[in-house]
Structures are given as C-alpha cells and as structure tokens.
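Input: a single structure, listed below in structure tokens.
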Amino acid sequence: MTKTEPAPAALTAAGVSLSFRPRGGVLCELIVQDEGASISPLHRAPWAEAEVPADAPPHQRWLQGDFLAAPMGPGPDGLHGPAANGDWALLPSGPGTLRAVLDQPVLGASVVKELSVEDGHPFVYQRHLFIGGVGALPLANHAMIALPGGAKLSFSRKRWFETLPEALEPDPARGRSALAYPRRSEDPTEFPGADGGTVNLLRYPWGSRHEDFVTAVEDPASRLGWTAVVRPDQRDLILSLKNPAALPMTMLWHSNGGRDYAPWNGRHLGCLGVEEGAALPVLGLSAKETPDPLSAAGQPPLVTLDPLGTTEIRHILGAISWPSGQAVAGVMLEGDRLTVTGDWGAERQLPIRGGWLGLASSTAASAPRAAPSGWDI
C-alpha cells in the first residue's frame with residue numbers, strides 16, 4: 001500500500017517564500033520579490049506522477065526544485081539514496097525556519113534538514129545535519145534552475161572541468177549526450193565535445209537535444225565558492241553559494257531534451273542542475289588516480305561522517321533582479337554584505353548572513369579562468 005504523502009509546508013519572510021515537499025525533501029516554489037520583480041528560478045518537470053514508469057527512481061515522480069542527494073548517484077538504495085526518495089517528517093521550528101528529519105538513516109546517520117529565510121534577504125539558507133553514522137559518501141545539493149531562454153554562467157575560480165566515466169545517454173536509440181566522456185579541461189569555453197569539436201560551458205544551451213553532466217573542481221585557494229546563472233530573458237540572476245573547503249565540486253546537469261524514453265520523452269527542456277557537493281565518483285578520470293587530485297590538494301573527495309558527532313553541510317541559494325543581462329565577473333563577501341559585479345560594471349549589494357557558511361569575515365572571489373553506469377538524472 002502506498003503511503004499517504006504528507007502535506008507541503010510553507011516558509012515565508014519579507015521578499016522571499018518557498019514550499020517544502022516532505023516526500024523527497026524538496027525545496028520548491030521558491031519566489032523572490034526584488035526591485036519590483038517576482039523571480040521564480042526553480043525548474044519543475046513537465047510530467048504527471050502517473051506518467052513515470054514503476055521501475056524509475058521514485059524522485060522522478062516529483063522532480064522539481066532542490067533536494068539532497070545522499071548518497072549521490074546510483075546505489076543499493078536507489079539513485080541519489082534515501083535523502084532524495086524517502087519521506088521527511090516536519091519538526092518543531094521557530095519563526096523563519098523549517099526543520100525536518102529523514103525517515104530512514106544514511107550510512108547509519110540520522111539526517112536533519114533545515115531551511116531558513118530572513119526579511120529582506122533574497123536567499124534561502126539551507127543546512128543538513130548528519131548525526132552519527134559511519135563511513136564516507138558522495139553528496140550534493142541538487143538545485144535545478146529553469147532556463148527556458150538560456151543563460152550565462154560564471155563561477156568562482158575552478159581548477160578544471162571534468163565529465164563522468166561514461167556518457168549519460170550512450171545509446172542513440174534512447175537519447176543523446178554531446179560532451180566527450182571521460183574528459184577534463186581547464187578551459188570551460190573549450191570543453192571537448194562528442195563530435196570532436198569544443199563547446200562553451202559558460203553558455204546554456206550550447207547544443208540542441210542533449211543530456212550531459214560535467215563537474216567543476218574548485219581551486220583550493222578559493223575561500224567563497226559561487227555559481228552565478230544570469231537569465232537575460234528573465235532579467236534576473238540566480239546565485240549558489242558554498243564553503244568550498246567542505247564542498248569542492250560544482251556539478252552541472254545539462255538536461256535539454258536528450259532523453260527519448262518515459263517519462264522524459266524529449267520534453268525535459270531548459271533545465272540546468274547546479275549541484276554543490278563532494279562526490280569523487282562523478283569524475284571519470286580523476287577518480288581513478290592515486291592519490292586522487294582532490295585529496296592531494298587537501299580537498300574532501302567525499303563527506304565523511306562522525307560516528308560520535310554531527311557532520312554539517314551548508315548552502316545558500318538565492319535570486320535577484322539583474323536587468324543588464326551582464327555575465328557576472330565577481331562576487332565578494334564583506335561582513336553581512338554580498339557584492340555582485342557584472343562584466344560591464346553592473347553592481348548589486350545584497351544583505352546576507354555573512355558568517356553563515358563558516359568563512360572568514362572578508363571573502364572575495366574573481367571570475368573564472370579563460371558517472372558510473374546507472375545515472376538517470
């Protein structure tokens with residue numbers, strides 16, 4: 001018998017609101033009111049739950065918004081693990097905060113999700129607590145950005161960009177992947193394509209009808225990790241912020257009509273996953289090296305649990321009006337103020353919880369330098 005799905009919960013502050021879906025632990029329907037604009041950045045799949053085949057990963061039935069993938073990728077508990085496919089029970093919470101606990105353990109750890117918003121801040125502050133547990137796991141937030149009219153991407157400084165061990169869709173009878181696998185490149189504007197040419201990963205879309213996954217690895221010198229997605233047609237900008245010392249990888253899922261089988265049926269268009277995490281197995285070349293290049297640089301390749309304590313992962317997701325359409329050239333955090341600068345001089349100063357990511361009080365980041373089988377998302 002199918003369990004009754006718990007009712008969604010709402011979280012609201014002045015200028016920002018969201019819904020939380022307990023099944024799958026999904027942050028959805030994020031809306032930011034900024035400079036007279038109402039910004040809805042998150043993607044939602046175009047199918048009804050009844051259209052999803054019975055053998056598909058459960059989270060595909062409600063695919064939308066942002067959820068936690070833990071463990072990330074294929075595994076014995078299904079693609080993206082219990083965190084993405086299980087139920088989360090709401091806990092007592094204070095004003096501006098929503099808390100929930102996962103109904104099953106992850107590597108023996110109890111998992112608590114906390115979402116919080118603040119009046120006048122165009123962000124949702126997100127953290128996950130792993131209480132106890134034994135071992136290390138690949139993990140990522142799984143935000144999906146809606147890009148019906150394309151986007152310009154910018155990042156904090158990255159060491160390189162790298163694809164999975166093999167293409168997401170290697171069978172032309174089922175779909176198409178347009179990047180080369182496995183490959184890596186220091187230049188995101190000239191990443192190897194499957195056809196022998198190159199593509200510019202700082203633009204979306206860069207091809208038609210394709211399904212691809214590529215990961216950017218943070219420079220160890222970065223103190224603030226950031227991803228900026230400018231939607232010129234929407235006149236806005238989506239920001240993803242993290243502590244790169246905890247989450248050194250930014251995984252980009254390009255889902256743009258590249259799957260022809262149910263429930264995708266060639267209609268899942270304009271979706272960009274911006275997945276901040278630590279998940280060495282998605283690196284098709286680096287995961288095979290000993291030592292792997294993340295560990296060699298002192299960066300965590302996985303999230304290691306503490307059997308006698310709590311492991312905490314934090315992330316900030318937000319959106320602002322950005323009518324210039326300029327690509328982002330820099331993001332700087334000074335105290336409780338975040339400054340975003342465009343490549344032609346546009347600038348916004350935003351209120352933020354400056355210490356929330358666990359960074360130093362003054363953090364600057366400049367513009368970037370000029371999977372195992374079974375993955376189904």
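Brief remarks follow.
- Filtered by the rule that a residue be part of a loop (DSSP other than H, G, I, E, B), surrounded by fewer than 21 Cβ atoms within 10 Å (Cβ to Cβ) and either modelled with pLDDT under 95 or not hydroxyl-bearing (S, T, Y) (or both), segment 29-44 gives E35, G36.
- Extreme residue, surrounded by the most Cβ atoms within 10 Å (Cβ to Cβ), among residues of segment 141-154 that are out of contact with any Phe, Trp or Tyr (no Cβ under 7 Å at 6 or more places or on another chain) and closer than 22 Å to W206 by Cβ: A143
- Exactly one residue out of A84, A50 is part of a helix (DSSP H, G or I) and either touching a helix residue (DSSP H, G or I) at 6+ places or on another chain (Cβ under 7 Å) or on the phi > 0 side of the Ramachandran plot (or both): that is A84.
- Pairs linking a residue in segment 288-305 that is more than 19 Å from L137 (Cβ to Cβ) to a residue that is part of a loop (DSSP other than H, G, I, E, B) and not hydrophobic (A, V, I, L, M, F, W, C), with Cβ atoms under 6 Å and 6 or more positions apart or on different chains, are A297/P220.
The values are calculated or read from the model by the stated rules, or taken from the named source; none is laboratory data. Since the model is a prediction, treat every value here as computed from it, not as a measurement. All Cβ positions, even for glycine, are placed from backbone atoms using ideal geometry, and neighbour counts span all protein chains on display.
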